[in-house]
There are 2 protein chains.
Amino acid sequence: MNIFLISAPIIGILALLFAFYKAASIDKVDPGNDRMKEISKYIQDGSMAFLSRQYKSLAIFVAVLFVILTFVKGLGIKVAICFLLGALFSVAAGYVGMRVATKANVRTANAAMTGGMNKALDVAFSGGAVMGMCVVGLGLLGVGQLYNIFREPEIITGFGLGASSIALFARVGGGIYTKAADVGADLVGKVEAGIPEDDPRNPAVIADNVGDNVGDVAGMGADLFESYVGAIISAITLGLLAFGEEGAIFALALSGVGIIASIIGVFFVKGDGDPQKSLNRGTLVSSLITLVVGFFLSKYILNSYKPFIAIVAGLAVGLIIAKITEYYTSADHAPVKRIAKESETGASTNIIGGLSVGMMSTAGPIIFIAIGIMVAYFLSGGAENPAYGLYGISLAAVGMLSTAGMTIAVDAYGPIADNAGGIAEMCDLPEEVREITDKLDSVGNTTAAIGKGFAIGSAALTSLALFSSYTQTVGLSAIDLTKPVVIAGAFIGGMLPFLFSAMTMDAVGKAAFAMIEEVRRQFKEMPGIMEGTQTPDYGRCVDISTKSALQEMIIPGLLAVIVPVGIGLLLGAEALGGLLAGSLVTGVLMAIFMSNAGGAWDNAKKYIEDGHHGGKGSEAHKAAVTGDTVGDPFKDTSGPSLNILIKLMTIVSLVFAGVFGNGILF
Amino acid sequence: MNIFLISAPIIGILALLFAFYKAASIDKVDPGNDRMKEISKYIQDGSMAFLSRQYKSLAIFVAVLFVILTFVKGLGIKVAICFLLGALFSVAAGYVGMRVATKANVRTANAAMTGGMNKALDVAFSGGAVMGMCVVGLGLLGVGQLYNIFREPEIITGFGLGASSIALFARVGGGIYTKAADVGADLVGKVEAGIPEDDPRNPAVIADNVGDNVGDVAGMGADLFESYVGAIISAITLGLLAFGEEGAIFALALSGVGIIASIIGVFFVKGDGDPQKSLNRGTLVSSLITLVVGFFLSKYILNSYKPFIAIVAGLAVGLIIAKITEYYTSADHAPVKRIAKESETGASTNIIGGLSVGMMSTAGPIIFIAIGIMVAYFLSGGAENPAYGLYGISLAAVGMLSTAGMTIAVDAYGPIADNAGGIAEMCDLPEEVREITDKLDSVGNTTAAIGKGFAIGSAALTSLALFSSYTQTVGLSAIDLTKPVVIAGAFIGGMLPFLFSAMTMDAVGKAAFAMIEEVRRQFKEMPGIMEGTQTPDYGRCVDISTKSALQEMIIPGLLAVIVPVGIGLLLGAEALGGLLAGSLVTGVLMAIFMSNAGGAWDNAKKYIEDGHHGGKGSEAHKAAVTGDTVGDPFKDTSGPSLNILIKLMTIVSLVFAGVFGNGILF
C-alpha cells in the first residue's frame, strides 16, 4: 500500500498522543486553593452534565439514522457504520476537549497567580492545543483508516454525515445554552441585583461559565471537526475523479503534513510577554511548513504544481476573510467606532448602525470567496478539465483547514482564559491575576474573530466542495437555473437560513426567559444569597439551561436533515441542487452578517466602557448594552449554527444522493 | 391590425381620461379655510420642489444612459428613445399622482369636517385613483403603442429600463427623504421638545408630511409602474416565443381588461360608513371581472385555457402573500403581540423579537412563490414545451398586476388620509375630524400592508419573468450552478441586497442626522417658535431632506446599473445569470424580512399605545419606540428599494444582453 495512505491514520494517532502528552502536562499544574478547586468542579460537573445529557438525546437520533442508512437501498451497513464512527469521533473530540478545557481554566488562573503571564499563557494554550489535536487527530485517523478499508468515497461520506449531525446539535445546543445562561446571569444579576459579573452570589454564574465551554469550546470544535472531515472527504471524492488514486492520496498526505506542522507550531507558542505575537508565530510557522511541503508534495504525488495553487488560494481567502472580519469587528477601526458614536443618540441608532455594519461586512468576504472559487478552479486546470477544477476547489478547503490543529488551539485558548478570569473573580484572587487573564482574554477576542472568519470561510468552501461532490455523485450534468424547479429550490433553500436563524434566536429567548425566572426565584426565596450566608443553587440553573437548550435544538436540527431529503424526494436531484446552492449563498451571507454585527456591537460596548462617549453608566453605554445583548444570539448562536446548517444539508444530500432521481412529483 | 393591439393604447388613454375626470372632481372640493390652504401649500410646494430637483438630477443620468444606448452595438437610437419615453412616462405618473395627492389631502380634511366619513373617504380614494389610473394608463399606452410601432420586444425593453431607472431613484430618494424627515421631526420634536406629532411649531413637520407624499405616493407609484411595465414586456417577449403574435396580443388584451375592470371597481368604492368593506368591494369587483373576461380571452386568443391557470396562480400568490404579511404585521395576531410582550423586558428583547418575526415571516411567502412558479410553469404546459411554461410565469406576473389600477388606488389613499390627519392637527380642526382621518388612516395601514405584499410578490414574479426573458434573449441553453463562475456570480448577486440595504440604512442615518441638527438649531436660535410667536423655517428643513436624499441616492442607484453590466462584461452572460438569480433570491428574502420586521415593530408600538403592557409612557412603550425607529428605514427605505433593485438589475441585463458573450476574462 502507498506510504502516504498508511501514514495518514498513523499521523492521526500521533496527534492524539501529542494531545494526551499535553493533557498530562496540564494535569501536573497545581489547581490552586480549595475554593478554586470547588468552583472549578462546579464548572466541570456542569459542563460534563450538559455533554452527557446532550449525547444521550443524540443517541436516539443517531440510532434512528443508523437504521435508516442500513436499510435504504444503495447505502447499507457500511455507510451506517461509518456514520456511527463519525458521530462517535465527534463526541470523543468534544468530550476530551471539554474535559481538558475545564481543567485548564482553574490551572490558568493559578498559573497567573504563581507564575505570571507566560506561565498562564502556556497552560491556557496547552488546553486549546489538546482540543485542536484531538479534532484533527480523530478526523484524519477516521477518514484515513476508513478510506484504507473501504476505498469508496460514497461509503466514507457516512463518516462526514456522523460528524455533521453531532456538530449541528452541538453548535445549536451549545449556542442556546451559553446565551441563555449569559443573558440570564446578566439581566438579573448585573442589572436587577446590581452585583458584578462573575459574582459567586449569582445563581447563574456557574451556568454562564459552563456555557463558555459548551458553546465556544465544544461547539466550535465540533464545527471545525465537521469542516475538516468534510473537506478531506470531498477532496478524496473529487480527487479520485480528477487524478485517480493519487488525487485521494494527495488530500490525505496534505492533511498529514498540516498536522505535523501544527505540532511543530505548538512548540513555537512560548510565553515571551506578548501573547498575541506568540500565537501569531505559532500559526505562521505551521502555515509556512505546510505550504513548503505542500508545494513539493503536489509535484511529487500529482506531478503538477497547479493543485498547490488551489491550496494557496484557500489559505489566502481564509486569511483575507479573517482580516476583513477584524476590520469590521475590532474597536481599532472605523465601523465599531461609528457604532459607539451612534450609541450617543440612543439604542435605535446603535442597532441600525450595527445591522448596517453587519450587512456591509458581507461584501468583502463574499467577493474574495468568489475570486477564491474561480482561482482555485481555473488555475488548477478547470478550463481544460472541469474535474481538475472541482478538485481544486476542494483542495482550497483542505488547504485552509490543513493547519486546523493550530487554528483550533489558538481559538479554544480564548474561552479557557475567559473562564480563568471568571474563576479568579469568584475566588477573590488578587487584582493582578484578573489583569493577566483579562489581557489573555482580550487577545483571545481577536483570535476568536479570526477563528470565526476561518470557520465561515472553510464552511463556504467545504460546502461548495461537498456540493460539487453531490453533483458528481448524482451524475447531474447541470443544475440549470433556467428551470423553474431549480429556481423554486433556490428560493426555498435561500429561505432556510432565515427560518433557522429565527428559530435559534427564539430558542435563546425562551431559554433565557426560563433562566431569568429561576434566578429571580432564588434571589427572592433565598435571601441569604445576597448576604453571602447561603450558597445559591447553581445546579438548578445549570439544569434549566441544559434542559431548554436540548429541547430547543431538536426542531431546527431535524429541519436540516428532513428538508433536503424531502425536497430531493419530491422535486428531484436537480431541484435539490438549486436548494443547496440557495442555502449556501444566503447561509454564508447571514452567517457573516450576524457574526460580524454581533462582534461589532460587543466591541462598541467595550470601547465605550474604556471611557469613550461618556464611558460606563452613560446613556451611550446603556444603548451599547442593548446592542450587545441583541448581538449575543447573533454571533454566538444563530450565526455560527448557519455554518453547520449548510454543510449538514449538503452532506445529507450527498449521502442520500442515489435515492432522489427526478422526484415523485414530476 | 388586430383589434386588441389597437385597443391597448386606447384603453391606456381611457384610463388617463378617467384620471383627469377624477382629478377635476377633487379640484371642485373646497380646500377649507385660509390656514388649511396655507399649510397645504407648504406641503405641496415642498413635494413639488423635491420632485423637480430630483428629476433635474436624474436628467443627467438619463442623458448619459441615452447616449450609451444609442451608440452601443446592437441597441441603437430606437432603444434609446424607448428608454427616454419610459423615463418620461414614469416621471409624468409620479408628478401627476403627487400633484393630485397633495391637493386631495387638505380637501379630505375639509370633507371630513363638512361631510363626514363618507365624503372624506370619497375624496381620499379619488386622489389614490388618479395615481392608480395614471400608472396603468401611461404603462399600457406606452408599451402598447411602442409595440404597435416597433413590434420588437428587444426595443420596447428600453421602455422598461427607463421606468426602472426612475423607479429606483424615486424609491431610494423618496425613502431616504421620508425617513430622515420622520426621524428628525420625532427625535427633536416629540422626544426633546416634548411637543405632539404634527405640531406646527416643529420646523420639520412640513418635511415630514412632504415625506409621506414623496415616499409613499410617488415612490410606491414608480415601483408599481415599473413592475406593471416589466411584467407586460416580459410577457410580450416570452409570448412571442411561445405562441407567436397571439402571445403578445393576449398579454396586452389582459392588461386592457384589467384597466377597464379597475375603472368599474372604482365606482364600487362608495362611502357607506365602513371604509374597509368599501375598498374590499372595489378590489373584489375588479378582480372578478378580470378573471371572468380573462378566462374567455385565453380560450379566444390562445385557444387554450392553460394560460388562464397561470393568471389565477399569480393572483392567488399575491393574495396569499398579502394575507401572510397581514398575519405577521397586524396587532390582531400572535407575532406582533409577542413583540409587544417582549418589550416589557426592554429594548433588546423587543429588537430580537422583531428581527426574528421578520426572518420567520419569509418562510410562507417564499414557499408560495415557489409553488406559484411551478404551478404557473407546469400547468400552462411547461413540461411539453418550456416556452409555454416561461410564458406562464410571465402571465402570473401580469395577472397579479392586471388590476394594479385598483391596487394602487387603494394603496395611495392611505398616505392621503394620513396627510389629511396631519393638516387637521396643524390647523386645529375639531377633534371629530382627526377621528375620521385616524379611522381612514388605520384602514390605510392594513391596505398598505397588503399593497406591500403585492409589491414584493409582483417584484419577484416580474423579475423572474424578466430573468426568463434574459435567458431567452441571450440564448443561454442553461445557467449551470455546477460551473464555478455561476456560483461565484450567485454569491456576488446574493450579497448585493445586503450591501444595498446597508447603504440605504446608512443614508437614512446621515440624512436624519442633518435634519436633527437643523431642527435643534432652529429651536435654539428662534425661541419664538416654541411660544408660537415665530413661524419656523419649514423651507430649510424641506431643503435639507431634499439635498441629502438626492445626494445619498446616487451611489446605490449607480451600483444597480454598473454591477450587472460590469459582471456581464467580465465574466460573461452565464455568470451574470447566476448573479441575477442570487440577487433575486436574497433580494426577495431581505425585502420580506425588512418590510415585515418594520411593520411588526410599528404595530407592536401602536398596540402598546392602545393601553397594553402599561400603555404610553411605560418602559415597554419606550422599548417599543426603539424597535419602531429601527423599523422605519427597514420598512420604508431599504426593504421596498430592494424590490426595484432586483427588477432594475434584471432589466439592465436584458437590455445589454447582446453585449456580454463569454466575458473578457474567459
Working only within the range B:67-90, note down all residues that are open to solvent by less than 40 Å² (accessible area, probe 1.4 Å) and over 30 Å from B:GLY661 (Cα atoms).
B:SER90
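The rows are residues; the columns are (1) free of Cβ contacts under 8 Å to residues at least 24 places away in the same chain; (2) part of a helix (DSSP H, G or I); (3) open to solvent by less than 40 Å² (accessible area, probe 1.4 Å).
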position	(1), (2), (3)
B:MET530	no, yes, no
B:SER548	no, yes, yes
B:LEU559	no, yes, yes
B:ILE562	yes, yes, no
Just one of A:PHE50, A:PHE61 is open to solvent by 10 Å² or more (accessible area, probe 1.4 Å) and touching a residue at least 60 places away in the same chain (Cβ under 8 Å); which is it?
A:PHE61
Which residue is surrounded by the fewest Cβ atoms within 10 Å (Cβ to Cβ), if the candidates are limited to the range B:433-461 and must be within 14 Å of chain A (Cβ to nearest Cβ) and either under 22 Å from B:PHE159 (Cβ atoms) or small (Gly, Ala, Ser) (or both)?
B:ALA459
The helices (runs of 4 or more DSSP H) lying entirely within the range A:358-440 that contain at least 2 residues which are within 19 Å of A:ALA124 (Cβ to Cβ) and either in contact with a strand residue (DSSP E or B) (Cβ under 6 Å, 6 or more places away or on another chain) or not aliphatic (A, V, I, L, M) (or both) are A:404-426
Under 7 Å by Cβ, and 6 or more places apart or on different chains, what pairs join a residue from the range B:642-654 that is closer than 12 Å to B:ILE456 by Cβ with one that is part of a helix (DSSP H, G or I) and among the acidic types (Asp, Glu)?
B:ASN643/B:ASP223; B:ILE644/B:ASP223; B:ILE644/B:GLU226; B:LYS647/B:GLU226
For the range A:597-630, give me each residue that is surrounded by fewer than 24 Cβ atoms within 10 Å (Cβ to Cβ) and among the basic types (Lys, Arg).
A:LYS606, A:LYS616, A:LYS622
Quick check, is B:ILE3 modelled with pLDDT of 90 or more, surrounded by 22 or more Cβ atoms within 10 Å (Cβ to Cβ), over 17 Å from B:ILE206 (Cβ atoms) and among the β-branched types (Val, Ile, Thr)?
no
Among the residues listed as A:LEU254, A:LEU224, A:LEU187, the single one being modelled with pLDDT of 90 or more, of a type in the set (A, V, I, L, M) and not in a loop (DSSP other than H, G, I, E, B):
A:LEU254
For the range A:7-44, what are the residues that are within 11 Å of A:GLY256 (Cα to Cα) and either more than 25 Å from the chain's Cα centre (by Cα) or among the charged types (D, E, K, R) (or both)?
A:SER7, A:ILE10
It is to be established whether one or more residues within the range A:505-512 are under 30 Å from B:ILE479 (Cα atoms), surrounded by fewer than 23 Cβ atoms within 10 Å (Cβ to Cβ) and facing chain B (nearest Cβ under 7 Å).
no
Could you please let me know if A:GLY381 is surrounded by fewer than 24 Cβ atoms within 10 Å (Cβ to Cβ), in contact with a Pro (Cβ under 9 Å, 6 or more places away or on another chain) and within 14 Å of another protein chain (Cβ to nearest Cβ)?
yes
When the residues of the range A:362-371 are filtered to those that are more than 8 Å from every other protein chain (Cβ to nearest Cβ) and open to solvent by 10 Å² or more (accessible area, probe 1.4 Å), which remaining residue is farthest from A:GLY314 (Cα to Cα)?
A:GLY364
Looking only at the range B:515-525, decide whether some residue is within 14 Å of chain A (Cβ to nearest Cβ), under 19 Å from B:GLY174 (Cα atoms), among the hydrophobic types (A, V, I, L, M, F, W, C) and assigned to a helix (DSSP H, G or I).
yes
Where the second residue is aromatic (Phe, Trp, Tyr) and part of a helix (DSSP H, G or I) and the first is open to solvent by 10 Å² or more (accessible area, probe 1.4 Å) and lies in the range A:222-242, which pairs have Cβ atoms under 8 Å and are six or more apart or on separate chains?
A:LEU241/A:TYR391; A:ALA242/A:TYR388; A:ALA242/A:TYR391
Looking at (1) part of a helix (DSSP H, G or I); (2) open to solvent by 50 Å² or more (accessible area, probe 1.4 Å); (3) aliphatic (A, V, I, L, M); (4) under 30 Å from A:ASN148 (Cα atoms), which is the only condition A:LEU16 fails?
(2)
Search result, residues across the range B:199-220 that are of a type outside the set (Lys, Arg) and assigned to a loop (DSSP other than H, G, I, E, B):
B:ASP199, B:PRO200, B:ASN202, B:PRO203, B:ALA204
Only residues that are farther than 14 Å from B:ARG521 by Cα and open to solvent by less than 10 Å² (accessible area, probe 1.4 Å): list them for the range B:180-194, please.
B:ALA180, B:ALA181
How many residues are buried (at least 24 other Cβ atoms within 10 Å of the Cβ) and modelled with pLDDT of 90 or more when one looks only at the range B:154-171?
12
Please go through (1) aliphatic (A, V, I, L, M); (2) within 15 Å of B:SER463 (Cα to Cα); (3) more than 14 Å from every other protein chain (Cβ to nearest Cβ) for B:ALA396 and return the number of the only condition it doesn't satisfy.
(3)
Got a sec? Which of A:GLY617, A:GLY572, A:GLY611, A:GLY639 is more than 9 Å from every other protein chain (Cβ to nearest Cβ) and under 19 Å from the mean Cα position of the chain (by Cα)?
A:GLY639
For the range B:462-504, give me each residue that is polar (S, T, N, Q) and either more than 7 Å from chain A (Cβ to nearest Cβ) or part of a helix (DSSP H, G or I) (or both).
B:THR462, B:SER463, B:SER468, B:SER469, B:THR471, B:GLN472, B:THR473, B:SER477, B:SER501, B:THR504
Looking at the range A:314-353, which of the residues that are away from chain B (no Cβ under 14 Å) and part of a loop (DSSP other than H, G, I, E, B) is surrounded by the most Cβ atoms within 10 Å (Cβ to Cβ)?
A:ALA331
What number goes with the only condition from (1) farther than 18 Å from A:ALA490 by Cβ; (2) more than 8 Å from chain A (Cβ to nearest Cβ); (3) among the β-branched types (Val, Ile, Thr) that B:VAL357 does not pass?
(2)
Report, by residue number, each residue of the range B:522-557 that is of a type in the set (Lys, Arg) and closer than 23 Å to B:ALA49 by Cβ.
B:ARG540, B:LYS547
Please give the number of the condition A:ALA93 fails out of (1) open to solvent by 10 Å² or more (accessible area, probe 1.4 Å); (2) among the hydrophobic types (A, V, I, L, M, F, W, C); (3) in contact (Cβ under 8 Å) with a residue 24 or more places away in the chain.
(1)
When B:MET359 is run through (1) open to solvent by 30 Å² or more (accessible area, probe 1.4 Å); (2) under 30 Å from A:SER501 (Cβ atoms), the failure sits at (1)
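The values are calculated or read from the model by the stated rules, or taken from the named source; none is laboratory data. Here the structure is a predicted model, which is why all the values come from computation and not from measurement. When we count neighbours, we look across all protein chains shown, and the Cβ atoms used for this are built from the backbone with ideal geometry, even at glycine. Please note that ligands, DNA and RNA were not included when accessible areas were found on the heavy atoms of the full protein model with its side chains. Shrake-Rupley method; radii C 1.70, N 1.55, O 1.52, S 1.80 Å.
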